[in-house]
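Participant: If you scroll down you'll find the structure; I have some questions about it.
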Amino acid sequence: MILIQQIISGLMLGGIYVMVAVAFTLVIGMLNFLNFTIPPLFMLSAMMSWALAKYGLPFGITDGPINWLVAIFIGILITIVASLIVERFTYRYLKNRYGDATEHAIPLVSSIGFLLIFTNIIIIYFGSEPVKFPVPFENVSLKFFGLVLGIPQLASLIISVSIVWFLSYMLKTTKIGRVLRSIAENPDTALILGVKVFAIVPVIFLIVGLLCGVASALFTINYTEVSAFIGDEVAAKAIAGMVIGGLGNIWGAVAGGLLVGVLEVLSIHFFGADTVKISVWGALLVILIIKPQGIFGHVKIGKEKF
Amino acid sequence: MILSVEKLLVKYGTNIAVDQIDIQVDKGEVVCILGANGAGKSSLLRALLGHTKSSGIVKFKDNDVSSHSATQRVRDGLVLVPEGRKILTSLSVEENLLMGAHLRYDKDIYTDIKKVYEMFPNLSTRSFMSASVLSGGEQQMLAVGRALLAKPSLLMLDEPSLGLSPLIVEELFGVIQTLNREGMSILIVEQNARKALQVSNRAYVMELGKIVQKGISKDLMSDEKIVSAYLGSE
């Protein structure tokens, strides 16, 4: 029974990793670059929500703190805007200047630049100490056949899986999804067919911002403690999950993210908190040895991803 | 006149790929451009589509489209079947066709898809399969079908016979002739000069980015220089 309880908690924790892993895998699958701004975007959402809930809007627009739920929504919006700014200056701007559409080193390096910028702005204004987010409820949970299900955790699992399901559905069946898949396969062909590639690519960054923002909001509600560095830990595990599941594959990222969540909780339960990293990265190593393309990955990355 | 090109220049750095050429295509005409590898034929088509930077004047349906983007030109009906077919293999056959129609918002898209399936029955039996299972010939048919779904006024084909068996090439050029009989203007770039001259009304010969000869296709077929350079003895 305890084991089942642990696995369920792991799945619920995994829900957060799933969203971040999907954000990573989407950018890799579509644009062929590892977006290093995902960890700071995750952090930005949490820290901005915290700041709004604590101080309110600046320049006297509101006097004093604003409602925590409103703060979280504004935090998600700020994250989406930040992600679009990143697109403007990492992907589009640099690509226009230097040519090659598949050149992924330039956006990769400049996204590392944004990682430093975002993290340091937050440190300058709010410090590097962990802070407490004012969620008005604590340990609300359902009891269910002797299992304890935390409602915020349950909500995070349901929300993340449904967002990912919706995203996958959109990519599979809608027109914009079809256009996005064409760009993912071959931007040059998409241009020949008359696709406005530069108008469509921001959509991917909008989705990335949304995924990071929502994941971060769920994390904040669940753990209530946020800092300028929360993105790093979560994103590292999400990357591990993404690689375990298979690069560029959405459902692979889902499976990998959930697996990492379960692994984390189980290793805390059996061996203590110090062993989390060993088991997560150990699992990654094992997968890389047995099945280097990941559980759901194709050998040829860049084809039939969704 | 559906397409008129004046002094088109395409440069890659200091290399001149297309050197100030003039081309015209009349409504309902099939025009072919012959030339060896590296003559600048593909650069010319890409520049016409607005996909490659160029200078000079491109007039399409009596409008100056030189400053228009590829999207605008495709929407106007200037459509390219690219070299090497460029089928999207992660999409199904039908999705590839739908990508051809992605700039259209009218209700006839599915009627037009049906027409393409009637024209190429092989595609209809595989409509929901991945486009990667198609043979080379079927991929070329899909590329043509995809271009047709953009409702072209001028269909440009870049090396359509490349890598296809003679039987398929026959079928393909048959399709091109049928389309032309229905009134479509067509611009073909080909290395298979014999076939291209057979189906076209007029032809241009390109060498190192320049037009070195032009004329009625039938005349060019008996021109000694053309015969020795492009047709060979048979």
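The values are calculated or read from the model by the stated rules, or taken from the named source; none is laboratory data. Since the structure is predicted, the reported quantities are computational estimates derived from the model, not experimental observations. Cβ atoms come from the backbone with ideal geometry, glycine included; neighbour counts cover every protein chain shown.
Participant: Evaluate the following for B:Ile211: is it crowded, with 16+ Cβ neighbours inside 10 Å and more than 21 Å from B:Val79 (Cβ to Cβ)?
Facilitator: yes
Participant: Any residue at all in segment A:166-183 that's buried (at least 19 other Cβ atoms within 10 Å of the Cβ), under 23 Å from the mean Cα position of the chain (by Cα), away from every other protein chain (no Cβ under 14 Å) and closer than 19 Å to A:Val18 by Cα?
Facilitator: Yes - at least one qualifying residue is present in segment A:166-183.
Participant: Just to verify a result, which residue in segment B:130-141, among those that are within 13 Å of chain A (Cβ to nearest Cβ) and out of contact with any helix residue (DSSP H, G or I) (no Cβ under 6 Å at 6 or more places or on another chain), is surrounded by the most Cβ atoms within 10 Å (Cβ to Cβ)?
Facilitator: B:Gln139
Participant: Does A:Ile192 satisfy the criteria of being surrounded by 13 or more Cβ atoms within 10 Å (Cβ to Cβ), within 14 Å of another protein chain (Cβ to nearest Cβ), touching a strand residue (DSSP E or B) at 6+ places or on another chain (Cβ under 9 Å) and not small (Gly, Ala, Ser)?
Facilitator: Spelling it out, A:Ile192 is indeed surrounded by 13 or more Cβ atoms within 10 Å (Cβ to Cβ), within 14 Å of another protein chain (Cβ to nearest Cβ), touching a strand residue (DSSP E or B) at 6+ places or on another chain (Cβ under 9 Å) and not small (Gly, Ala, Ser).
Participant: Another question about this same structure. Is it fair to say A:Thr25 is over 30 Å from A:Phe270 (Cβ atoms), modelled with pLDDT of 90 or more and among the hydroxyl-bearing types (Ser, Thr, Tyr)?
Facilitator: No, not satisfied.
Participant: Among the residues in segment B:20-38, are any within 14 Å of chain A (Cβ to nearest Cβ), buried (at least 18 other Cβ atoms within 10 Å of the Cβ), in contact (Cβ under 8 Å) with a residue 12 or more places away in the chain and charged (D, E, K, R)?
Facilitator: Among the residues of segment B:20-38, not one is within 14 Å of chain A (Cβ to nearest Cβ), buried (at least 18 other Cβ atoms within 10 Å of the Cβ), in contact (Cβ under 8 Å) with a residue 12 or more places away in the chain and charged (D, E, K, R), which makes the answer no.
Participant: For segment B:76-178, please list each of the helices (runs of 4 or more DSSP H) lying entirely inside it that holds at least 3 residues being of a type in the set (Gly, Ala, Ser).
Facilitator: Hits in segment B:76-178: B:136-148.
Participant: Would you mind finding the one in A:Ile80, A:Ile16 that is assigned to a helix (DSSP H, G or I), closer than 30 Å to A:Ile268 by Cα and at pLDDT 90 or above?
Facilitator: None of the others qualify; the one that does is A:Ile16.
A quick yes/no check of all residues on (1) within 30 Å of A:Phe198 (Cβ to Cβ); (2) under 21 Å from the mean Cα position of the chain (by Cα):
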{"residue": "A:Gln5", "(1), (2)": "no, no"}
{"residue": "A:Tyr17", "(1), (2)": "no, yes"}
{"residue": "A:Ala21", "(1), (2)": "yes, yes"}
{"residue": "A:Val27", "(1), (2)": "yes, yes"}
{"residue": "A:Leu31", "(1), (2)": "yes, yes"}
{"residue": "A:Asn35", "(1), (2)": "yes, yes"}
{"residue": "A:Leu52", "(1), (2)": "no, no"}
{"residue": "A:Gly56", "(1), (2)": "no, no"}
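Participant: Among the candidates A:Ala255, A:Ala235, A:Ala273, A:Ala217, single out the residue that is in contact with a Pro (Cβ under 7 Å, 6 or more places away or on another chain), aliphatic (A, V, I, L, M) and either more than 30 Å from B:Ile87 (Cα to Cα) or away from chain B (no Cβ under 14 Å) (or both).
Facilitator: Checking each option against the conditions leaves just A:Ala235.
Participant: Just the residues that are without any contact (Cβ under 8 Å) to a residue 40 or more places away in the chain and either under 23 Å from B:Lys61 (Cβ atoms) or within 8 Å of chain A (Cβ to nearest Cβ) (or both), please, taken from segment B:77-114.
Facilitator: Scanning segment B:77-114 gives B:Glu95, B:His102, B:Tyr105, B:Asp106, B:Asp108, B:Asp112.
Participant: Now for a separate question. Identify, from the list A:Ala253, A:Ala190, the residue that is assigned to a helix (DSSP H, G or I) and in contact (Cβ under 8 Å) with a residue 40 or more places away in the chain.
Facilitator: The unique qualifying residue is A:Ala253.
Participant: Look through segment B:54-75, keep the residues that are in contact with a helix residue (DSSP H, G or I) (Cβ under 8 Å, 6 or more places away or on another chain) and in a loop (DSSP other than H, G, I, E, B), and return whichever of them is surrounded by the most Cβ atoms within 10 Å (Cβ to Cβ).
Facilitator: Going through the qualifying residues, I end up with B:Ser54.
Participant: Of these, A:Ser128, A:Ser162, which one is at pLDDT 80 or above, surrounded by fewer than 17 Cβ atoms within 10 Å (Cβ to Cβ) and assigned to a loop (DSSP other than H, G, I, E, B)?
Facilitator: A:Ser128
Participant: Turning to a different aspect of this structure: Those residues that are within 11 Å of chain B (Cβ to nearest Cβ) and either outside any helix (DSSP H, G or I) or buried (at least 22 other Cβ atoms within 10 Å of the Cβ) (or both), I need them from segment A:195-206; list them, please.
Facilitator: A:Val195, A:Lys196, listed by residue number.
Participant: Quick check on this structure: which one of B:Thr71, B:Thr111, B:Thr52, B:Thr89 is in contact with a strand residue (DSSP E or B) (Cβ under 8 Å, 6 or more places away or on another chain), within 28 Å of A:Leu171 (Cα to Cα) and β-branched (Val, Ile, Thr)?
Facilitator: Just a single option satisfies the conditions, and that option is B:Thr89.
Participant: While we're looking at this one, here's another question. Just checking, does segment A:246-267 include any residue being polar (S, T, N, Q), in contact with a strand residue (DSSP E or B) (Cβ under 9 Å, 6 or more places away or on another chain) and modelled with pLDDT of 90 or more?
Facilitator: no
Participant: On the given criteria, is B:Ser127 touching a strand residue (DSSP E or B) at 6+ places or on another chain (Cβ under 8 Å) and either within 12 Å of another protein chain (Cβ to nearest Cβ) or touching a residue at least 40 places away in the same chain (Cβ under 8 Å) (or both)?
Facilitator: No.
Participant: Another question, if that's okay. So which residues in segment B:191-201 are at pLDDT 90 or above and not in a helix (DSSP H, G or I)?
Facilitator: Listed by number, the residues that qualify are B:Ser200, B:Asn201.
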